[in-house]
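Reviewing the structure listed below.
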């Protein structure tokens, strides 16, 4: 009997161990978080895409009602290559956007916006607006947005993230319509299958670019300023040429089933089905194709399904289903949807704009201070190849970054803030003075190396790391009286502070320390001697300014906690120990005091989506798991996550992907930890309610 009992105990042990170590059911995890809608909601549009191209659909599965969604989640069709510039009739030169500033006893020309009227103001405005991102074309049912809209009912739509497709059903009048929408995994193409007894026609309508600061990029009032020409056609395909000023691109439309493709009016075409079922593909091309690939829905479907299965199976994953805290369900939803959105919107060959490939913000341009928030998570979630895909753009941008540093009298490369694929610096009264984008490439290259510590990775990114560090070293001023290096003449991440009066913002000081230390490590890894001047800078960086046991927004901000300017926007001081590991510049007791003060006193209504994960990372490193979770799920407008997973900010920015990226970065850190952290899931509360399971995550520095 003792032997039998022993055998039973052994069996129970192994069964329990096997159950404990069983892999996460990734498909079930994704499926239980697939978003669904049953009503027409302009903030609930769904997107399919591949990082280079994206197509956003309304409840019909296509872009049938773009005006109804224009103030919600706009129905965009955008690519990484789709850009346009208005004619430069006045022959403006970028040099005309420059204005000298004296922060260090020398003249430094910055590309800025001008208040006074005149040629310089006009030049700055032209280069700020141009180039801008294009809406490549509306594809939807040929229905009227006013008279037909109210006859759409019985909506049932689901975004199937596991397969990368939108499944839509609705009734038009009383007739059922079913649509499946998907994006090719490696080509800029959308495909759809339609079943409709009404045989609804599909419109292909093309706008002129608006060139507006924030909008859907569509100008429908200037139809005569652009043209769409049929270059080739047959009974199964048509090739269109789009001409917008000096910009050209091409659209190849193919279909399966009997249908007619006709021109309804200028820049407006209709595919008219001759049967109840039809499928089509629309491929958008930067250059005229020498060979017509003639994509089909039938061929695209299995490719798309395999692509997304590989995405979900090969990256990291986090499962909150065993947690007892009721908030875990919502946190899991946000995490899974954010993984999907960032793969669709941000995994491209250029850095993403803050509204991704859905609609234009800041004229469609991207912001390099945001690349860390978009892309760092790819490395932590074991998708380093997607991060590297974007980082390759830095090599193209390097000559322009070197020129910016040279003209301002610095060494190395100064990375621009607001730019486009050409890496041209956009004039800005704020962005041109930012510096916290400077160490990002060092941090991101370090994440790549940590995941793939090879000589090839060192060699690939060595120049970018070295040139970035050279600028950082030359930018820091040596104060001979106090024997220390200071940072001044810059607008910090907390943009309410002014360049002319801000000295030693705490996050930037800490980032300079981390960036220069990391750059020295790269030299040593490559068998080079350490740069002794860099070591002197590291050793003599100014300490973080503090008062009454609290860190200040800057050394010059002795009245920090009495001025609204210092308690709104980003609480960037928390990034000094949260985004970044602990440095000799930081005292944890002061930082804990600062976190607690900010938690109670900050103007949270004037924050941004990434401020919450930044707060969570700070709380996690300080050992306050409850505040870490509380920050991620704080009930504030700018921390709202819509049904489609988008981080809503306000009526202008209904999409804010840095918030999604920051969420994933914070959760990865809270699960897998950071260098020197101890225990399992070190960033979560230790109350027994957070049994978070995960696979494949990488720790943060």
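Here the sum of -39500 (n - 2.57) over DSSP H runs of 4 or more residues, divided by the residues of the chain, equals -10000 deg cm²/dmol at 222 nm, to the nearest 500.
The simple Förster model, with R0 at 30 Å and r as the Cβ-Cβ distance, assigns residue 603 and residue 454 a FRET efficiency of 0.05.
Scoring 46-55, 82-91, 670-679 by mean Cβ neighbours within 10 Å over their residues and listing the highest first yields 46-55, 670-679, 82-91. Three principal axis extents of region 389-502 based on alpha-carbon atoms, in descending order, are 43, 35, 26 Å.
For region 219-371, take every pair of Cα atoms, bin their distances at 5 Å starting from 0, and report each bin as a whole percent. With a bin width of 5 Å, the distribution comes to 2, 7, 11, 12, 14, 15, 14, 10, 6, 4, 3, 1, 0. Ranked by the mean number of other Cβ atoms within 10 Å per residue, highest first, peptides 399-405, 236-242 order as 236-242, 399-405. Projected over all directions and averaged, the alpha-carbon convex hull of region 481-538 occupies 4.6 nm². Distance from the Cα centroid of region 587-614 to that of region 209-285 is 49 Å (rounded to whole angstrom). By the Stokes-Einstein formula, at 1.306 mPa s and 10 °C, region 308-397 with its Kirkwood radius over alpha-carbon pairs has D equal to 111 µm²/s.
Kindly state, to the nearest 0.05, the FRET efficiency for residue 265 paired with residue 290, given R0 = 25 Å and r defined as their beta-carbon distance. That pair, residue 265 with residue 290, gives E of 0.25.
Computed over the Cα atoms of region 377-421, the ratio of the radius of gyration to the Kirkwood radius (Rg/Rh) comes to 1.12. Only Cα pairs under 8 Å and 6+ residues apart enter the sum, and on that basis the relative contact order of region 386-430 stands at 28 percent. The mean sequence separation of alpha-carbon pairs under 8 Å and at least six residues apart, normalised by the residue count of the chain, gives a relative contact order of 13 percent. Entry note: region 614-701 has Rg to Rh equal to 1.00, where both radii use alpha-carbon atoms and Rh is the Kirkwood radius. Taking every Cα-Cα distance in region 287-349 and sorting them into 5 Å bins from zero, the calculated P(r) comes out as 3, 13, 15, 17, 16, 13, 8, 6, 4, 2, 2, 0 percent. Cα-based values for region 103-146, radius of gyration first and Dmax second, are 20.1, 64 Å.
Between residue 147 and residue 395, the FRET efficiency estimated from the beta carbon spacing at R0 = 60 angstrom works out to 0.70. Summary of the geometry: region 310-346 and region 475-545, compared by the centres of their Cα atoms, lie 36 Å apart.
Peptides 175-184, 292-301, 339-348, 210-219, ordered by how many other C-beta atoms sit within 10 Å of their residues on average, highest first, read 339-348, 175-184, 210-219, 292-301.
Size estimate for region 526-683 follows the Kirkwood approach: the inverse of mean 1/r over distinct Cα pairs works out to 16.8 Å.
In units of the compact-protein estimate 2.2 N^0.38 Å, the chain shows a Cα radius of gyration of 1.00.
No lab work stands behind these numbers, since they all come straight from the coordinates. Quick caveat, the model's predicted, so the values are computed rather than measured. Glycine also receives a Cβ, built like all others from the backbone with ideal geometry; neighbour counts cover every protein chain displayed.
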